[in-house]
Amino acid sequence: MIQPAPLPYPYDSLEPWMSEATLRFHHDGHYLRYVQRTNERTQGRFTTPSEAYFHALEIGDVGLRHQAAQAWAHERFFEGMAPPLRRGSPSPALGRALLDFADFPEALCNAAQSVFGSGWVHVVLAPLGDGPTLRIETTHGGSLPRHPAVMTPHVSEHAYYLDYPDDRPRFCQVWLRQLVDWDVASRRYVEGQRRATAVRS
Ligand SMILES: [Fe+2]
């Protein structure tokens, strides 16, 4: 049985950038329903959304894939944010990679704006050139990025509309400047480098 991951910070601790109301209905409503439906569709056979997701891929169950992908992506979204005093800073390696990514903030928020309807933007480590390189992927519904994701802003309206009505670009900018947990992103960067290197060798 997949146990829902508790929100890793108090509901009101991301204010004023993300409201308590947004986090309560997003985490306790949307996310918990994805976990619940994944458990129902698998009779509780799996302990993580990723296990259920890969099982859905194997058996071609599109409905299960959608629920498991959403549960997995939401966990990473909530885990990837932190209150102001806990956000840390990018590791030197991630900092260099972001500097090498030309116009990263603009590229990220342009991609966010390009997502039609509900979806995700993923900053991934793609195996390009001499080694894993940061790139941006967008996904919808039951799809997950093809490469390890370092950061995953969620750009469905329910993620931001209460706090930034009709202003996804503003939400994207605030998410990057005020909400990213850089310690988590730096850890994922190291893990992504390891995975990408293992695939190449
Ligand atoms: Fe969501």
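The values are calculated or read from the model by the stated rules, or taken from the named source; none is laboratory data. Everything numeric in this text was worked out from a predicted model, so none of it was measured. So basically every Cβ, Gly included, is an ideal-geometry build from the backbone, and we count neighbours across all protein chains shown.
Within segment 44-61, the set of residues being surrounded by 11 or more Cβ atoms within 10 Å (Cβ to Cβ), assigned to a helix (DSSP H, G or I) and among the hydrophobic types (A, V, I, L, M, F, W, C) comprises 52, 54, 56, 57.
Restricted to segment 145-201, and to residues there that are more than 16 Å from the ligand (Cβ to nearest atom) and acidic (Asp, Glu), the residue that is surrounded by the fewest Cβ atoms within 10 Å (Cβ to Cβ) is 166.
Please count how many residues of segment 12-23 are over 18 Å from residue 71 (Cβ atoms) and in a helix (DSSP H, G or I). If you could, list the steps in order and put the result at the bottom.
Initial filter on segment 12-23 (over 18 Å from residue 71 (Cβ atoms)): 12-22.
From what is left, the residues that are in a helix (DSSP H, G or I) are 20-22.
So the count comes out to 3.
When you look at residue 42, is it within 16 Å of the ligand (Cβ to nearest atom) and either acidic (Asp, Glu) or at pLDDT 95 or above (or both), yes or no? Spelling it out, it is not the case that residue 42 is within 16 Å of the ligand (Cβ to nearest atom) and either acidic (Asp, Glu) or at pLDDT 95 or above (or both).
Residues in segment 112-135 that are buried (at least 20 other Cβ atoms within 10 Å of the Cβ), closer than 24 Å to residue 160 by Cα and more than 16 Å from the ligand (Cβ to nearest atom): 123, 124.
Here residue 50 clears all of (1) at pLDDT 95 or above; (2) under 27 Å from residue 160 (Cβ atoms); (3) more than 12 Å from the ligand (Cβ to nearest atom) except the condition numbered (1).
Residue by residue, here is whether (1) modelled with pLDDT under 90; (2) over 20 Å from residue 92 (Cα atoms) holds:
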{"site": "137", "(1), (2)": "no, yes"}
{"site": "150", "(1), (2)": "no, no"}
{"site": "166", "(1), (2)": "yes, yes"}
{"site": "169", "(1), (2)": "no, yes"}
{"site": "176", "(1), (2)": "no, no"}
{"site": "180", "(1), (2)": "no, no"}
{"site": "187", "(1), (2)": "no, no"}
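Please state which of the following conditions residue 81 fails to meet, knowing it meets all the rest: (1) modelled with pLDDT under 95; (2) under 27 Å from residue 186 (Cβ atoms); (3) within 16 Å of the ligand (Cβ to nearest atom). That leaves (1) as the condition not met. Assess whether residue 150 counts as being touching a Gly at 6+ places or on another chain (Cβ under 8 Å), of a type in the set (A, V, I, L, M, F, W, C) and closer than 19 Å to residue 102 by Cα. Yes, satisfied.
The one condition from (1) within 16 Å of the ligand (Cβ to nearest atom); (2) in the same structural domain as residue 161 (by TED's automatic domain parsing) that residue 71 does not meet is (2).
Kindly indicate whether residue 98 is surrounded by 15 or more Cβ atoms within 10 Å (Cβ to Cβ) and not polar (S, T, N, Q). Spelling it out, residue 98 is indeed surrounded by 15 or more Cβ atoms within 10 Å (Cβ to Cβ) and not polar (S, T, N, Q).
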